[in-house]
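Data first, discussion second: the structure below is written as structure tokens.
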Amino acid sequence: MATIQEATRPPHRLDDVPGWFPVLDQLLFEWFLNRQEAGGTHGDLLEVGVYMGKSAIFIGRHQQPGEKYTVCDLFEGDAPDDANRAESTKSYSALTRRVFEDNYRSFHDELPRVLQGPSSLVPDEVAVRSCRFVHIDASHLYEHVHDDIGAAHDLLLPDGIVVLDDFRSEHTPGVSIAAWEAVLNRGLHPICLSTQKLYGTWGDPEPVQEALLAMARERSDCHLSVQEAAGHRIVRLKSKGMSGPAFPPSKHAVAAEASVPAPAAVPAPAPEPEPDPAPAARPARPSPRRGSRVRRVAVDLLPPVVTRAIRKARAARS
Ligand SMILES: C[S@@+](CC[C@H](N)C(=O)[O-])C[C@H]1O[C@@H](n2cnc3c(N)ncnc32)[C@H](O)[C@@H]1O
């Protein structure tokens, strides 16, 4: 996880973008979105609460042709009430829309549709029953989360997936109450719980839960527990030293590769630590060897014409 200070330097890797998006959730987002795409599910994407773009950038890779991707955040704008203003001032004072958009453009050519303002804007801006995946990660106050969940219910396609962040963090009781209220009184079926997020659907949870259980049982880096509660099957997943899914480096990493000589052989890198939930936590700096892997991946992902130019420049240097 990157520090706020490092945010002034353009991100080279997704890990350089400050935010809260643990590797287990990266794996689960990838799994849910890939499964929808493999199954031919077509629908729009929505994230409410983007901060500096960590999870938004990740989701953006899954936008398929013809699909709309909308994000909503207050950014530096005013919050709709005092309690919301207090949480924004306390936790997100470094945030501007510009920072989000610059980070996003570091990894993608096109911005999503950006709604600047409170999440109460969303129901008027996103079509009913249009979304296949909704990530709710904005205010932690009960009234806001209750309404964000109501909006997700209306905007999702019948088997769409909603992800509720911070449904059980110590400092977010309002999210917990809104999340479990949705399960007990508003027809939401939990699919699984990660350490920070509840994944649910208003469709039939069984097929997706069965597929998820099969995937998790195959992995040695994932603790799995299954419990029954109030008539719901609760699948709980926990990372056991998991690594996140591969994510392509940013355009800045690619540009740096094109102009900086590759380093000489160096010792093997230390294993990567798991991301810390606080954005102020300092990440392990990538070792030179990891940097060269990023460059290799970057070169592999570039259009052939650019790749040829880089290889030619390298050959000329050696
Ligand atoms: C926890 S952060 C989002 C983290 C982000 N998804 C990530 O991956 O790092 C919460 C975000 O919600 C935004 N926010 C807070 N209250 C909001 C509201 N009422 N409407 C829209 N966004 C809000 C904040 O500005 C902040 O950027």
Between GLU206 and LEU184, what is the label-to-label distance in nm when each label sits 7 Å out along the Cα-to-Cβ direction? 2.6 nm
Region 14-204: equivalent-ellipsoid semi-axes (sqrt of 5 x gyration tensor eigenvalues, Cα, Å): 22, 21, 16
For HIS171 and ARG97, extending 7 Å from Cα along the Cα-Cβ vector and measuring point to point gives, in nm, a value of 2.7 nm
For region 84-125, what ratio Rg/Rh do Cα atoms give with a Kirkwood hydrodynamic radius? 1.03
Taking a 22 Å limit on the Cα-Cα distance, which of the listed pairs LYS54/LYS238; LYS90/LYS240; LYS197/LYS251; LYS54/LYS251; LYS197/LYS238 fall beyond it? LYS90/LYS240; LYS197/LYS251
Tell me the net charge near LEU95. Cut-off is 10 Å between Cβ atoms, LEU95 excluded, with +1 for each Lys or Arg and -1 for each Asp or Glu. 0
On the formula 1/(1 + (r/R0)^6), with r taken between the Cβ atoms of SER225 and ARG61 and R0 of 41 Å, the FRET efficiency rounded to 0.05 is 0.85
Per the 1.4 Å probe, what fraction of the accessible area of region 14-204, in percent, lies on carbon and sulfur atoms? 49 percent
Rg and Dmax [Cα atoms of region 189-263; Å; Rg one decimal, Dmax integer]: 18.5, 60
Kindly report the accessible area of region 189-266 per residue (heavy atoms of protein chains, probe 1.4 Å, no ligands, DNA or RNA), in Å². 48 Å²
In whole Å and largest first, what semi-axes does the C-alpha gyration tensor of region 146-190 yield when each eigenvalue is scaled by 5 and square-rooted? 19, 10, 9
Could you sort the peptides 94-102, 212-220, 46-54 by per-residue average Cβ neighbour count (10 Å cutoff), highest mean leading? 46-54, 94-102, 212-220
From phi via Karplus (6.51, -1.76, 1.60), per-residue ³J(HN,Hα) for region 132-145 in Hz, x at Gly/Pro: 9, 8, 10, 10, 9, 8, 9, 5, 9, 7, 3, 4, 5, 5
Over the Cα atoms of region 132-232, how large are the radius of gyration and the largest Cα-Cα distance (Dmax), in Å? 13.4, 40
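The values are calculated or read from the model by the stated rules, or taken from the named source; none is laboratory data. This one's a predicted model, so the numbers in the text were calculated from it and none came from an experiment. As a convention, Cβ positions derive from the backbone with ideal geometry for all residues, glycine included, and neighbour counts pool all protein chains shown. The protein model used for the area step is the full one, side chains on, heavy atoms only, and it has no ligands, DNA or RNA in it. Shrake-Rupley method; radii C 1.70, N 1.55, O 1.52, S 1.80 Å.
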